[in-house]
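Working notes, structure below.
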Amino acid sequence: MTEIKEKINETSSPPCSDAREVIHLLIQTNRLHRRVIERSADSIGLHSSAHRMLMLIAKSEILPSQKELAEKLKISPAAVANTIKKLESDGYIERSKSKLGGDTRLNEINITDQGRAIAENTEKYFRFVDTSALEGFSASEIELFVSTLEKIQENLNRIGDIDTIEPQGKEDKQ
């Protein structure tokens, strides 16, 4: 970690003209992709977290617990409970008493035909958006792009353990 903090203080220029500009462009591209994708949820009147949960339910052979859903979707268990209620009231899922273990407090969640149709159409739309985003790229360009993104992720993972960046001169004041 000390090595990384030393690199932070180095004044060497990045290999490209402006590393911040490249990263900013990457972030903007991610946000634009997300906005385009979220339009599909908006068009059917689902909040993005409800849409993501419906997609997760549709893809799961065995539905994860509420706690597992919360962890996978990075939302609170209370938000999971509210979203499940909303999906049920909108007719996308149904709840029934669990047949497993005889515990009548547990509910099974099943996706309805309406919910499955939404999930299938969404998957088609996602494929269309992703394919459209890469339109005009050759296979070798895509391969190079993937390799580049993997290197960026490796570099970010390497520095991801830094808790804080100490302001310059802090060592002098101690």
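Considering only the stretch 46-87, state which residues are closer than 20 Å to Ala117 by Cβ, modelled with pLDDT of 90 or more and hydroxyl-bearing (Ser, Thr, Tyr).
Thr83
Tally the residues that are part of a loop (DSSP other than H, G, I, E, B), under 16 Å from Glu108 (Cα atoms) and not hydrophobic (A, V, I, L, M, F, W, C), restricting the search to the stretch 30-87.
Final tally of qualifying residues: 4.
Starting from the stretch 100-118, take each residue that is assigned to a helix (DSSP H, G or I) and modelled with pLDDT of 70 or more and list its partners that are surrounded by 13 or more Cβ atoms within 10 Å (Cβ to Cβ) and among the β-branched types (Val, Ile, Thr), counting only C-beta distances under 7 angstrom and pairs at least six apart or across chains.
These pairs meet every condition: Gly115/Ile93; Ile118/Ile44.
So which residues in the stretch 52-68 are crowded, with 16+ Cβ neighbours inside 10 Å and either under 24 Å from Arg39 (Cβ atoms) or of a type in the set (Asp, Glu) (or both), if there are any at all?
Arg52, Met53, Leu54, Met55, Leu56, Ile57, Ala58
The values are calculated or read from the model by the stated rules, or taken from the named source; none is laboratory data. All figures in this text were calculated on a predicted structure; none of them were measured in a lab. Positions of Cβ are generated from backbone atoms using ideal geometry, with glycine treated the same way; all protein chains shown enter the neighbour counts.
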